[in-house]
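Inspection log for the structure reproduced underneath, given as structure tokens.
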Amino acid sequence: MKRKTMVLGVIGHPVSHSLSPVMHSAAAKSLGLDLTYDTYDVPPDELEDLMDRFRNGDMDGLNVTVPHKVAVMEYMNELMDNAEKVGAVNTICRKGDKLIGANTDVYGFITSVEKNAGEIAARGRILVYGAGGAARAVCHAFADRNVERLLIANRTRHKAEALADSLTGVGCAIDVLDYESNNLVDSVRSADIIVNTTSVGMESVSEKFLPGSENIHQGQLVVDIVYRPLETPLLRQAKRAGAMTLDGLWMLIHQGARSFTLWTGAEFPVELARVSLLKALNED
Ligand code: NAP
């Protein structure tokens, strides 16, 4: 007999901290959709088994988080929504026994900026801290918008260089900056938008400040994609300096919104998702 309830979820390792079940379950309830959304803690050596179960119909759609975003790509029959370009999959749809991988982080990030700070998002010089998976999505999102210049600063310089190389040909100028340097300080001063994509500022990370960030000033937009805590030390510092700020919960919501629509065809209730996530964060 065909199963009626749509089975969705997120795979990662660890994954119990994920807020995705909160927003997808709240969205489904408000729309009256018959679906479940659970976390699946999948160590790397169990990924293949999980993908087999998924392909055979145990689940209908999955989000993918650290450390599997690149590893799942080999199981995909097709790629869509920036997955090939970014080189990572955070959403998988199943059609029969075919798995289709998408990257909704690019959409999630740029939508969060354009919906909350549209007038400033059109500007030219962007400084990105970090060169991990999230930085790739953020850099591609800006490159798609034809910004003038992308400046990338990462603690481990060669990773920033690899990211810059992967962006060759995107149509905007790209510079790699030394993490602790006067160039970085100058770039903080002259950037229109500053984005933190590193784990710095997370509750679990000892470092709280990014080099050069004390030079943030009024007229800039500062985005932190870290959302635990919601107001990171960087955002607090930026607010004090009079800059406009944007928290990471918006990116989480908009990437989830795109995933939800890919799976269900329904429009995601963005405001309701934000309310449910804020409640969950406060209860943590
Ligand atoms: P990742 O691939 O592991 O990259 C981590 C990045 O953080 C690297 O650039 C790393 O630099 C840097 N980093 C880590 N610890 C650092 C420290 N103590 N000092 C300086 N740099 C440090 O992780 P990711 O997937 O890109 O995720 C990064 C952050 O973004 C996480 O906090 C994650 O929760 C958040 N995130 C948020 C959303 C959202 O929807 N809001 C989406 C994705 C990710 P090195 O290269 O030098 O190690």
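Below, the figures for the structure above:
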{"item": "Options 138, 128, 72; residue that is part of a helix (DSSP H, G or I) and within 13 Å of the ligand (Cβ to nearest atom)", "result": "138"}
{"item": "Near pairs, Cβ below 8 angstrom, 6+ apart or cross-chain, from segment 174-185 (in contact (Cβ under 8 Å) with a residue 12 or more places away in the chain and assigned to a loop (DSSP other than H, G, I, E, B)) to any residue that is open to solvent by less than 30 Å² (accessible area, probe 1.4 Å) and among the small types (Gly, Ala, Ser)", "result": "178/153; 179/153"}
{"item": "The listed residue being open to solvent by 20 Å² or more (accessible area, probe 1.4 Å), hydrophobic (A, V, I, L, M, F, W, C) and either farther than 15 Å from residue 134 by Cα or free of Cβ contacts under 8 Å to residues at least 60 places away in the same chain (or both), out of 205, 188, 226, 222", "result": "205"}
{"item": "Every residue from segment 207-243 that is of a type in the set (Asp, Glu) and in a strand (DSSP E or B)", "result": "224"}
{"item": "Flag if residue 117 is under 24 Å from residue 273 (Cβ atoms), open to solvent by less than 10 Å² (accessible area, probe 1.4 Å) and modelled with pLDDT under 95", "result": "yes"}
{"item": "Number of the exception - residue 281 against (1) modelled with pLDDT of 95 or more; (2) surrounded by fewer than 17 Cβ atoms within 10 Å (Cβ to Cβ); (3) in a helix (DSSP H, G or I); (4) of a type in the set (A, V, I, L, M, F, W, C)", "result": "(1)"}
{"item": "Residue that is nearest to residue 22 (Cα to Cα), among those in segment 36-52 that are over 21 Å from the mean Cα position of the chain (by Cα) and surrounded by 12 or more Cβ atoms within 10 Å (Cβ to Cβ)", "result": "36"}
{"item": "Selection status of residue 150, crowded, with 21+ Cβ neighbours inside 10 Å, away from the ligand (no atom under 14 Å from the Cβ) and not polar (S, T, N, Q)", "result": "yes"}
{"item": "Condition met for residue 89 (open to solvent by 10 Å² or more (accessible area, probe 1.4 Å), of a type in the set (A, V, I, L, M) and either more than 30 Å from residue 219 (Cβ to Cβ) or more than 16 Å from the ligand (Cβ to nearest atom) (or both))", "result": "no"}
{"item": "When residues of segment 162-180 are limited to those that are open to solvent by 50 Å² or more (accessible area, probe 1.4 Å) and within 11 Å of the ligand (Cβ to nearest atom), the one nearest to residue 87 (Cα to Cα)", "result": "162"}
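The values are calculated or read from the model by the stated rules, or taken from the named source; none is laboratory data. Model, not experiment: these values are computed from the prediction. We place every Cβ from the backbone using ideal geometry, glycine too, and count neighbours over all the protein chains shown. The accessibility values were calculated without ligands, DNA or RNA, using every heavy atom of the protein model including side chains. Shrake-Rupley method; radii C 1.70, N 1.55, O 1.52, S 1.80 Å.
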